Every structure is written in C-alpha cells, then in structure tokens.
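A quick write-up on the structure given underneath.
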C-alpha cells in the first residue's frame, strides 16, 4: 500500500494527464469499444478491423503515423492471420486484470506468444503494446521508449517479449500499491481535480490504463 504522499502524487499525476489528454482519449475509448466482439473471439479479427480501427488508432491516438505508413499490405494481412491463431492465449489473458494476474509459466508464455504475433516490420515495440492493450485492456499495459529504458529508475526493461512480461510485473506492483481496494475510491479522488462531468470517462478506463497515465506523466515530465 502507498504512503499518503505517494498516493497524493499518483492522484495528481493521473489528474494532470486527464486534463491534458481527455479529448484524445475519447478516440482511445472508442477504439477499445469497437473491438469488444473481437476480444470475445479473436478468430473474427479481419483486415477491416485493422484498416478501420487499429491503424487509425495508432496514427491518431498513438501518434505513430511515420512508422505505420511504412507497413505493407502483406504485413498487415500477416498480422491478422497470426493473431487469429492466438485465440486461446488471448482468452487466457482476458480472464485476468492487471491487479490479480498470476505470472505462472502458462501466463508468461501466453503473453510472450501474443507479443511475438504482433511483431511485424515497422511495427515497433511501442505500437505492439498499443495493439495488445486494445485486445486486452484490463491486463496488458502500454509502454514506450521512455517507460522501457530511460526513466524513472527501476522501470528499465528490454524491448522483447520477455521484457514485456517483466514490465507487466512492475506495473502490477504499482497497481497493487495504489488500488488495494479496487478503482472506485481512486476514481473519485481523481475526479475531484477535474471539471464536473468527467467521471464517466474515468470510469470507462481500466486500472492498466490509469497506471499507464501515471507512469507516462511521471516519465515525460520536464526536469
């Protein structure tokens, strides 16, 4: 469990993110919603989902236009085919939330296999994590260059499937620290720092997403 000062910092950092990025996160929430049926059955994933949801999400919310524009059609088609074969692994992971996932061998192998399936030419580790998060927003976190290897100290991991598992374990430690009794009270405390009417947006987000907002803000602040 966090100290009072640590909890205050967490609330302030997430509130700061929400103030700056709430409008952009409407795109994020819509992308998550549009893939609800795919999460229930990954074999239903098709190229339309990539063209109309995943690619626009990566370009707009993910700000990955330069790299995504280089991915060839055959590679996107290959991504769809590889992901369809990951149904059992995604089903296994979607039974969990970041707060309670157990990192046994089966789970670690499912994470690594799913991560490997999303690795295609020009789709870097940051975009890989964003695609994974869309497929399992309750449990799979987002990372970027800063979060992986630059700062804050203690979060450094390699941009590999094994590194992603280690990063998840570290994000779970943060989640348990700040959400020992679930998300309701935390969301209420964050909402106190925001303009009225924003609770609905916060309530639609997972603990994994809120942890990302905290770590992202902390990593990217100046100084």
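So, residue 84, is that one more than 30 Å from residue 217 (Cβ to Cβ), touching a residue at least 40 places away in the same chain (Cβ under 8 Å) and either in contact with a strand residue (DSSP E or B) (Cβ under 8 Å, 6 or more places away or on another chain) or surrounded by 14 or more Cβ atoms within 10 Å (Cβ to Cβ) (or both) or not?
Yes: the conditions hold for residue 84.
Any idea which of (1) touching a residue at least 40 places away in the same chain (Cβ under 8 Å); (2) surrounded by 14 or more Cβ atoms within 10 Å (Cβ to Cβ); (3) in a helix (DSSP H, G or I); (4) touching a helix residue (DSSP H, G or I) at 6+ places or on another chain (Cβ under 6 Å) is the one residue 59 doesn't satisfy?
For residue 59, the failing item is (1).
Which numbered condition trips up residue 123, out of (1) surrounded by fewer than 16 Cβ atoms within 10 Å (Cβ to Cβ); (2) part of a loop (DSSP other than H, G, I, E, B); (3) out of contact with any helix residue (DSSP H, G or I) (no Cβ under 6 Å at 6 or more places or on another chain); (4) touching a residue at least 12 places away in the same chain (Cβ under 8 Å)?
Result: residue 123 fails condition (1) only.
Does region 132-145 contain at least one residue that is at negative phi, surrounded by fewer than 20 Cβ atoms within 10 Å (Cβ to Cβ) and in a helix (DSSP H, G or I)?
Taking every residue of region 132-145 in turn, at least one turns out to be at negative phi, surrounded by fewer than 20 Cβ atoms within 10 Å (Cβ to Cβ) and in a helix (DSSP H, G or I).
Could you say whether any residue in region 32-42 is touching a residue at least 12 places away in the same chain (Cβ under 8 Å) and more than 30 Å from residue 186 (Cα to Cα)?
So far as region 32-42 goes, yes, one or more of its residues are touching a residue at least 12 places away in the same chain (Cβ under 8 Å) and more than 30 Å from residue 186 (Cα to Cα).
Every number here is computed from the coordinates shown, using simple stated rules; none is lab data. Owing to the predicted nature of the structure, the values given are computational and were not obtained by experimental measurement. As a convention, Cβ positions derive from the backbone with ideal geometry for all residues, glycine included, and neighbour counts pool all protein chains shown.
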